[in-house]
Amino acid sequence: MVSKTEETQLNSLENQVDNGGGGVWEYLCLVRKLKVRRSEKVLKHGLSILNDPKKRSALGPEEWTLYEQVAIAAMDCQCLDVAKDCIKILQKKFPESKRVGRLEGMLLEAKGSWAEAEKAYSSLLEDNPLDQVIQKRRVAMAKAQGNISGAIEWLNKYLEIFMADHDAWRELAEIYVSLQMYKQAAFCYEELILSQPTAPLYHLAYADVLYTLGGLENLQTAKKYYASTIDLTGGKNTRALLGICLCTSAIAQLSKGRNKEDKESPELQSLAATALEKDYKQRASDKLGLLTSALRSLKI
C-alpha cells in the first residue's frame, strides 16, 4: 500500500515530468518501485526514452527493464502493437527467459486469446510450479472472462501454496462477499486479522460480515471488532461507530426476555452515539438531523 508521503512524491514528480521539467527516468523508477499503475504516463514517457537511441543507451542494463515496463503499460492501454514490438526485442535479447514468456502470455490475454494464454501459462508452470505471477495471472484471466467460480478455485489453489499473501486473501474475501458467501468471507478476514492484527480495515470488514450474518453470537463478536476498529483508528472511524450502534440495537432485540447477565452495558453504545453526533456536527452538520433520527429509531 502506497503511503501519503509516497503518493505526494509521485504526483509531484509526475507533474514535473508532464511540464517538461525533467526526471522522466526517476518517475518511471518510482512508479515501478511503488507498484502503481500509471499506464498512460508510463507508455508516453517510456517511449520517449526508448525511441531516442542516445537516451536508451544511457540506461545500460536498465534498458530491458524499461522495455518490460512499457510493454505492460501498452497492454493496459490496448496499444498491442507497441507491446508486441517491446516483447519481440526482449525475446531476441533473452530467448529462453521465463519472464519474457510471462509477457507473451499476458499479450495473448490482452488479445482475448484465452485458450492460448492458458496453454502458455501451463507450459511455464511445468518448469516452475511456484511461479506466483503466473498463478495470479490465471486468477485474473478467470475474472476477465466472468468465470467467478474459476477465479475462486484458482485463488484457493494459490493460497494453499502462498498462505501469507494478504492481497490474495482480501481478493478472495471480496469475491465471497459479492456472492453473499459470508461464512467463507469471514474465514478469509480471520486469516487476514491473524497475519495483520493492527490493520483496522480487516477488523472493520470482518465486523461487517458478521453483522450481515446475524445471530446473537455473530452480532456480539461483530460489536467487539467494531470496537477494535475504533481503538486502532483513534476513534475516527464513522462506519465502526455506527456499527456499534446497529449491533447494540440488534442484540437488544435478540436478548429480550433473557437474564440480565446476558444483556450488555449501555456505556459503549452511548459513547459511540455521542462520538457520531460530534463527528457529524463538525463534518456534515446538515445531516445531523438525519443521524439523530436514525439513532432514535434504534432506541439509542
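The values are calculated or read from the model by the stated rules, or taken from the named source; none is laboratory data. Note that the structure is a prediction, hence the values are computed from the model and not measured. Cβ sites come from the backbone with ideal geometry, for glycine too, and all protein chains shown count toward neighbours. Protein only, heavy atoms only, side chains kept; ligands, DNA and RNA dropped before computing areas. Shrake-Rupley method; radii C 1.70, N 1.55, O 1.52, S 1.80 Å.
A few notes on this one:
- Per residue, the chain exposes 58 Å² of solvent-accessible protein surface, assessed with a 1.4 angstrom probe and all protein chains in place.
- Between segment 206-221 and segment 54-108, the C-alpha centres lie 48 angstrom from each other.
- Cβ-derived FRET efficiency at R0 30 Å, Ser97 paired with Ser48, nearest 0.05: 0.75
- Backbone phi angles across segment 36-45, fed through the Karplus curve with coefficients 6.51, -1.76 and 1.60 (θ = phi - 60°), yield HN-Hα couplings of 9, 9, 10, 4, 5, 5, 4, 4, 4, 6 Hz in residue order; Gly and Pro are listed as x.
- The long axis of helix 132-144 is offset from the longest Cα principal axis of the chain by roughly 70 degrees.
- Accessible surface ranking that places the most exposed of Lys281, Lys119, Lys93 first, with a 1.4 angstrom probe: Lys119, Lys281, Lys93
- Under the convention that each Lys and Arg Cβ holds +1 and each Asp and Glu Cβ holds -1, the size of the dipole of the chain around its Cα centre is about 620 debye.
- Rounded accessible area of Ile230 (nearest 10 Å², 1.4 Å probe): 30 Å²
- This model, with +1 at the C-beta of Lys and Arg and -1 at the C-beta of Asp and Glu, gives segment 36-144 a dipole about its Cα centre of some 300 debye.
- Total lysine pairs under 30 Å (Cα atoms) in segment 123-241, excluding pairs fewer than 8 apart on one chain: 10
- Leu194 sits with roughly 140 Å² accessible to a 1.4 Å probe, with DNA, RNA and ligands left out of the calculation.
- Top positive-direction residue, dipole computed over the chain with Cβ charges, set Tyr182, Ser3, Gln253: Gln253
- Applied to segment 103-113, the Karplus parametrisation 6.51 cos²θ - 1.76 cosθ + 1.60 on θ = phi - 60° returns per-residue 3J(HN,Hα) values of 4, 5, x, 5, 5, 5, 4, 4, 7, x, 8 Hz, with x for Gly and Pro.
- Lysines whose Cα lies under 22 Å from that of Lys55, excluding same-chain neighbours fewer than 8 positions away: Lys33, Lys41, Lys44, Lys84, Lys88, Lys92, Lys93
- Checking (i) 48, 26, 14; (ii) 48, 32, 16; (iii) 40, 29, 21 against the coordinates, the calculated semi-axes √(5λ) of the Cα gyration tensor in Å falls under label (i).
- Tyr280 accessible area, 1.4 Å probe, all protein chains in place, Å² to nearest 10: 60 Å²
- Sorting the segments 18-24, 96-102, 43-49 by their mean number of nearby beta carbons within 10 angstrom, highest to lowest, gives 43-49, 96-102, 18-24.
- As a fraction of the 1.4 Å probe accessible area of segment 1-95, surface on carbon and sulfur atoms comes out at 51 percent.
- A 1.4 Å probe over all protein chains sorts Phe162, Phe94 by accessible area into Phe94, Phe162, starting with the largest.
- Counted residue by residue at 0.36 nm each, then reduced by the alpha carbon distance between them, the extension gain from Gln184 to Ser12 reaches 57.7 nm.
- Heavy-atom surface analysis with a 1.4 Å probe gives segment 148-216 a carbon and sulfur content of 57 percent of its accessible area.
- Working note: 222 nm ellipticity from helices only, DSSP H runs with n ≥ 4, each -39,500 (n - 2.57), summed and divided by the residues of the chain, gives -24500 deg cm²/dmol to the nearest 500.
- Working from label points 7 Å from Cα in the Cα-to-Cβ sense, the Leu254 to Lys119 distance is 5.4 nm.
- Cα long-axis angle, helix 80-93 against the chain (0 to 90 degrees, to the nearest 10): 60 degrees
- Per-residue HN-Hα couplings for segment 216-229 [Karplus 6.51, -1.76, 1.60; θ = phi - 60°; Hz; x = Gly/Pro]: 4, 5, 5, 5, 5, 5, 4, 4, 5, 6, 5, 5, 5, 5
- Note on exposure: Ser293, Ser57, Ser249 ranked by accessible area (1.4 Å probe, complete protein assembly) read Ser57, Ser293, Ser249, with the most exposed listed first.
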